[in-house]
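A short worksheet on the structure shown next.
The values are calculated or read from the model by the stated rules, or taken from the named source; none is laboratory data. What you are looking at is a predicted structure, and each value in this text was computed from that prediction instead of being measured. All Cβ positions, even for glycine, are placed from backbone atoms using ideal geometry, and neighbour counts span all protein chains on display.
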Amino acid sequence: MNQEAFKNTVFVLKDKLYRFANRFLEHQEDAYDLVQEVMLKLWEKRNQLDQLENIEAFAMQMVRNMAYNKIDKQGRHAKYLKQLPPDIEVEKYPALTKELILKMIDTLPEKQRYVMYLRDIEECEISDIAAIAGLEENAVRVNLSRARSTVRLNLTKVFDYEKRRIG
């Protein structure tokens, strides 16, 4: 793969990879650095990329694996404790529904969170998600359905509460 082909097939994914990495990592700079590392590794493997069925899925998998490695180095427990905003108890009902939904997605079990993020935020196809996550398409659909049901149920509870409070 030459430089132009790499630029047109792999480098165009950098923004999507950054957003994906940013969901895992605590700091935006870490996500940016991780994507730079992934791009460098992909460039080094550019001659083998033509053999891949889905370069995007491969790149997303690299980001996920490298992010998990980085998190493991920092210590998962410490990372999640630091990630919680100090005013989480005060701010129970964010003004924007999108923020609320993103917070609800973050509380889902790992597979459900991962699948819902890829499908509903990044708008990946089910087959791509299956390749990225290493799951069967049926498992992706089941996890997505469960995640959406949980978020829907929680949103309904919040909106019902707000409706009672206002009325």
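Can you list residue pairs whose Cβ atoms sit under 6 Å apart, with the first residue in the stretch 125-143 being free of Cβ contacts under 8 Å to residues at least 12 places away in the same chain and the second being among the aliphatic types (A, V, I, L, M) and surrounded by 18 or more Cβ atoms within 10 Å (Cβ to Cβ)? Count only pairs 6 or more apart in sequence or on different chains.
Every condition considered, the pairs that remain are Ala130/Val140; Glu137/Ala130.
Working only within the stretch 10-67, note down all residues that are among the β-branched types (Val, Ile, Thr) and buried (at least 18 other Cβ atoms within 10 Å of the Cβ).
Selection gives Val10, Val35, Val38, Val63.
Go through (1) under 19 Å from Gln61 (Cβ atoms); (2) in contact (Cβ under 8 Å) with a residue 60 or more places away in the chain and name the single condition Glu162 misses.
(1)
For every residue, the table says whether it meets (1) of a type in the set (Phe, Trp, Tyr); (2) assigned by TED's automatic domain parsing to the domain that holds Arg23; (3) at pLDDT 65 or above.
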residue	(1), (2), (3)
Asp72	no, yes, yes
Arg76	no, yes, no
Pro94	no, no, no
Lys98	no, no, yes
Lys103	no, no, yes
Thr107	no, no, yes
Glu110	no, no, yes
Tyr114	yes, no, yes
Leu118	no, no, yes
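Among the residues of the stretch 16-70, what is the count of those that are touching a residue at least 24 places away in the same chain (Cβ under 8 Å) and of a type in the set (Ser, Thr, Tyr)?
Qualifying residue count, the stretch 16-70: 1.
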